[in-house]
Amino acid sequence: MHAFSLGWHWLNCVLVLHLAAWCLASRAWALLVATVFALCPNGAMAVGWTAAHNVLISNALLLAAMLMYV
């Protein structure tokens, strides 16, 4: 179950990287933003708690929708 959560969190980090790269037009700043997102304690709480799969999945769908919109 935790591998499932880590996979969703990794997908969210990649989506944040792409969204930040589009918004900031700089890969270095986008990588910094994605790293901060990956290490944020709120995201770690969702990954560590088995009942929080809905948070990870909804974040992934929201980020994907934002990327499709822009």
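Remarks
- Unique match (being without any contact (Cβ under 8 Å) to a residue 24 or more places away in the chain, open to solvent by 50 Å² or more (accessible area, probe 1.4 Å) and touching a helix residue (DSSP H, G or I) at 6+ places or on another chain (Cβ under 7 Å)) among 36, 55: 55
- Residue 65 meets all of the listed conditions (1) loosely packed, with under 12 Cβ neighbours inside 10 Å; (2) at pLDDT below 95 but one, namely (2).
- Annotation note: Cβ proximity below 6 Å between a residue of region 1-17 that is more than 14 Å from residue 27 (Cα to Cα) and a residue that is at pLDDT 85 or above and not hydrophobic (A, V, I, L, M, F, W, C) (sequence gap 6+ or interchain) occurs for 12/59.
- Screening 21, 3 for residues that are open to solvent by 60 Å² or more (accessible area, probe 1.4 Å) and either at pLDDT 95 or above or over 12 Å from the mean Cα position of the chain (by Cα) (or both) leaves exactly one candidate, 3.
The values are calculated or read from the model by the stated rules, or taken from the named source; none is laboratory data. Worth saying up front: this structure is predicted, and the values here are computed from it rather than measured. Glycine also receives a Cβ, built like all others from the backbone with ideal geometry; neighbour counts cover every protein chain displayed. We work out accessible area using only protein heavy atoms, side chains counted, and drop any ligands, DNA or RNA first. Shrake-Rupley method; radii C 1.70, N 1.55, O 1.52, S 1.80 Å.
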